[in-house]
Amino acid sequence: MMSTVFSLNGTKVAFDGDPDMPLLWYLRDHAGLTGTKYGCGIAACGACTVHVDGSAARSCVLPMQSLAGKNISTIENLGANGLHAVQRAWIEEDVPQCGYCQAGQLMAAADLLKRVPVPSDSDIATISNLCRCGTYPRIRKAIHRAAAMLREEADA
Ligand code: FES
Ligand code: FES
């Protein structure tokens, strides 16, 4: 069987198992990266959001065989070089309640700010990640705060 070779949080890895297994299973059960959560398994909730080649993607529906040559980055890597602006803003706005959805929310927010540096409320509403605790108003505030931080850092 051909190995699937890809990069995971900056390290090259090879996978020889079931090519149809979703990335989320690999992350949690093989790589021990349990920050990425299982919510629905059908690409509906966003709890499993990671970055694939820099863009948000739902890992519960990404088969391992689709990852050849890709760069996968998980929540464990988001603050690898110092906390990301979204992480700092999340802390300042005290966003999480139970916390279960929050890794996915942070990954989706980081992706949005890369694409839309000055997001409107409607831009933020395009993030379709679900939160059972209803932290959406704090998420919105935190994304605006993170956007402001990134602008200040860019101007400094
Ligand atoms: S677990 Fe992947 S979108 Fe819900
Ligand atoms: S903080 Fe509880 S599900 Fe979002």
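Nothing in this text is a laboratory measurement; each read-out follows from the coordinates by a stated rule. As the structure is a computational prediction, the values presented were derived from the model and not from experiment. Neighbour counts are summed over all protein chains in view; Cβ atoms, including those assigned to glycine, are modelled from backbone coordinates with ideal geometry.
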With just the Cα atoms of the chain, tell me how far they stretch along each of the three principal axes, in Å, largest first. 49, 36, 24
Suppose each label sits 7 Å from its Cα in the direction of the beta carbon; what would the residue 121-residue 11 distance come out to in nanometres? 4.4 nm
Distance between the C-alpha centers of segment 77-142 and segment 1-50? Whole Å please. 21 Å
How far is helix 102-115 tilted off the main Cα axis of the chain, in degrees rounded to 10, range 0 to 90? 80 degrees
Order these by the 10 Å Cβ neighbour count, fewest first: 118, 50, 61. 118, 61, 50
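In square nanometres, what is one fourth of the surface area of the convex hull spanned by the alpha carbons of segment 4-77?
On the way: hull surface 16.5 nm².
Mean shadow area of the hull around the Cα atoms is 4.1 nm².
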Can you give the angle from 0 to 90° between the axis of helix 136-155 and the longest principal axis of the chain, with both taken from C-alpha atoms, to the nearest 10? 90 degrees
Name the residues of segment 48-89 whose amide N is less than 15 Å from a point 7 angstrom out from the Cα of residue 18 along the C-beta direction? 60-66
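With +1 on each Lys and Arg Cβ and -1 on each Asp and Glu Cβ, how big is the dipole of segment 4-77 about its Cα centre, in debye rounded to the nearest 20?
Rounded to the nearest 20 debye, it is 180 debye.
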Within straight cross-link reach of residue 70, meaning Cα distance under 14 Å, which aspartates and glutamates are found once same-chain residues fewer than 8 apart are removed? 53
Label-point gap, in nm, between residue 53 and residue 68 - each point 7 angstrom along Cα→Cβ: 1.4 nm
Gain upon complete extension [residue 94, residue 114; 0.36 nm per residue less C-alpha separation]: 5.0 nm
How big, in percent, is the set of alpha carbon pairs in segment 85-155 lying more than 14 Å apart? 52 percent
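Within a 10 angstrom radius of the beta carbon, how do 24, 112 rank from fewest other beta carbons to most?
Details: 24 23, 112 20.
Starting with the residue having the fewest Cβ neighbours, the order is 112, 24.
Around residue 130, with a cut-off of 12 angstrom between Cβ atoms, what is the net charge of the other residues, counting Lys and Arg +1 and Asp and Glu -1?
Numbers: positive: 37, 58, 132; negative: none.
It works out to a net charge of +3.
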